[in-house]
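K.L.:
Before I ask anything, let me first share the structure, which is written out below as structure tokens.
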Amino acid sequence: MTQHAEPTATTAEGHRTDPAAVFAELYGGEPDGIWAAPGRVNLIGEYTDFNDGFVMPLALPHTAVAAVSRRDDGVLRLYSTDVPGGVVSLRVDELAPHSGHGWAAYPAGVLWALREAGHPVTGADIALTSTVPTGAGLSSSAALEVVTVLALNDLFALGLSAAGLAVIGRRAENDFVGVPCGIMDQMASACCTEGHALHLDTRDLSLRQVPFDLASQGLTLLVVDTRVKHALGDGAYAERRAGCEEGARLLGIPTLRDLPYAGLGAALATLADAGADESVIRYVRHVVGDNRRVEQVIALLDAGDVRAAGPVLNEGHASLRDDLRVSCPELDLVVGAANAAGALGARMTGGGFGGSAVVLVEEAAAGTVAEAVSEAFAAAGHTAPGIFDAIPSAGARRLR
């Protein structure tokens, strides 16, 4: 791996110019094209995707944008305006899992995964910039993966479907980077549509675009970034995945998706009788419960009763906090302060241990709730949170 100098072109505010300008300065020419892929926030259904379960994310306006040109000499050059350091230069035929490279492992892993799948990808020059907050549980890594695979799919005429892009992105993160995530984040980035939430069955990747126009009902979904950074590669995520798999094994089912909610009580008793670790019992209770909560929210949206989803969000947070134990004091503070200020419901979203929460609130009360959360953080001595509206946005696309 070699590194080269950073480009010097900046805006008046000191920020990097657009990806095409950065690309031209770095690589000495115009890119073949520019692509974008969004981050996501998950409305409901957490830690269910690697259990073949149900999820309901929506794409955010925040995107990773890539200016890319094809190379045919086996060289991959990567640069991000968001990470200190110069161009990372790699040999495509030397890419190997778990070989480091920091942030560059995500796009490099995409090339590796494409080649492992038999696609003749021979290199690229890539300049990236992203507005997806890192470490906030909003899928900044999936956005990098999906924008990279979308660009390469176009440039090398690979013919991958949107779901096919997501599968490659997940393999890059699972097998190259080493994070045992499910496929929700990549599917959301690749497949979401503007104005909709994505009801995804992660077993067969069947999906339904569910209209999600909160403004027409006088509602707002806030995202609260606690500014607490998480790192899912530290083993906590993998431990919970292993616990879920152990629960399914002890119950004699392929995955926890195969346990209906009506059978949960009997299944938990079976696990206790089998001497399962209490953490396994908790994980099973959460996953089966959250699958049901996705179904509940879908039914409420279909019935036009979005407000009634608030208590379901609260139940989901309690389960993530108490059964899965992936919350943290800052996330709990968001949920508590928001609900005390009149929110309809709130829960942490994403992998947890920091990151973000979603808050469903009457539009007229959104400012009051946001202020209450900010004041609660100040009183607790925490860094001020970032708060913005979750606007259901378009999935990955070519910009030019």
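K.L.:
Out of everything in the range 338-389 that is part of a loop (DSSP other than H, G, I, E, B) and closer than 22 Å to Ser319 by Cβ, what residue ends up being most open to solvent (accessible area, probe 1.4 Å)?
P.N.:
Per the criteria, the residue is Phe353.
K.L.:
Further, regarding this structure: For the range 118-150, how many residues are touching a Gly at 6+ places or on another chain (Cβ under 9 Å), modelled with pLDDT of 95 or more and surrounded by fewer than 24 Cβ atoms within 10 Å (Cβ to Cβ)?
P.N.:
Selection size over the range 118-150: 3.
K.L.:
A follow-up question, please. Within the range 196-228, how many residues are in contact with an Asp or Glu (Cβ under 6 Å, 6 or more places away or on another chain), surrounded by fewer than 22 Cβ atoms within 10 Å (Cβ to Cβ) and either of a type in the set (Phe, Trp, Tyr) or not assigned by the TED database to the domain that holds Asn291 (or both)?
P.N.:
Residues meeting the conditions: 1.
K.L.:
Follow-up question, since we're still on this one. Would you say Ala303 is out of contact with any Leu (no Cβ under 6 Å at 6 or more places or on another chain), open to solvent by 50 Å² or more (accessible area, probe 1.4 Å), over 24 Å from Thr255 (Cβ atoms) and without any contact (Cβ under 8 Å) to a residue 40 or more places away in the chain? Spell out how you get there, then give the answer.
P.N.:
On the way: out of contact with any Leu (no Cβ under 6 Å at 6 or more places or on another chain): yes; open to solvent by 50 Å² or more (accessible area, probe 1.4 Å): yes; over 24 Å from Thr255 (Cβ atoms): yes; without any contact (Cβ under 8 Å) to a residue 40 or more places away in the chain: yes.
Yes: the conditions hold for Ala303.
K.L.:
Which condition does Gly178 not pass, out of (1) at positive phi; (2) in contact with a Ser or Thr (Cβ under 9 Å, 6 or more places away or on another chain); (3) not hydrophobic (A, V, I, L, M, F, W, C), if it passes all the others?
P.N.:
(2)
K.L.:
Could you tell me whether any residue of the range 167-183 is touching a residue at least 60 places away in the same chain (Cβ under 8 Å), within 18 Å of Ile298 (Cα to Cα) and not in a helix (DSSP H, G or I)?
P.N.:
No, every residue in the range 167-183 fails to be touching a residue at least 60 places away in the same chain (Cβ under 8 Å), within 18 Å of Ile298 (Cα to Cα) and not in a helix (DSSP H, G or I).
K.L.:
Would you please name the residue that is farthest from Phe50 (Cα to Cα), looking only at residues in the range 241-264 that are open to solvent by less than 30 Å² (accessible area, probe 1.4 Å) and in a helix (DSSP H, G or I)?
P.N.:
Gly263
K.L.:
Go over the candidates Ala267, Ala276 one by one and state the one that is part of a helix (DSSP H, G or I) and either out of contact with any Gly (no Cβ under 6 Å at 6 or more places or on another chain) or of a type in the set (A, V, I, L, M, F, W, C) (or both).
P.N.:
None of the other options fit; the residue is Ala267.
K.L.:
Among (1) within 30 Å of Phe388 (Cα to Cα); (2) surrounded by fewer than 21 Cβ atoms within 10 Å (Cβ to Cβ); (3) outside the structural domain of Leu60 (by the TED database); (4) aliphatic (A, V, I, L, M), there is one condition Val287 misses while meeting the rest; what is its number?
P.N.:
Of the numbered conditions (1) within 30 Å of Phe388 (Cα to Cα); (2) surrounded by fewer than 21 Cβ atoms within 10 Å (Cβ to Cβ); (3) outside the structural domain of Leu60 (by the TED database); (4) aliphatic (A, V, I, L, M), the odd one out for Val287 is (2).
The values are calculated or read from the model by the stated rules, or taken from the named source; none is laboratory data. Values in this document were obtained by computation on a predicted structure and should not be read as measured data. Glycine gets a Cβ as well: all are built from the backbone with ideal geometry, and neighbour counts include every protein chain shown. The accessibility values were calculated without ligands, DNA or RNA, using every heavy atom of the protein model including side chains. Shrake-Rupley method; radii C 1.70, N 1.55, O 1.52, S 1.80 Å.
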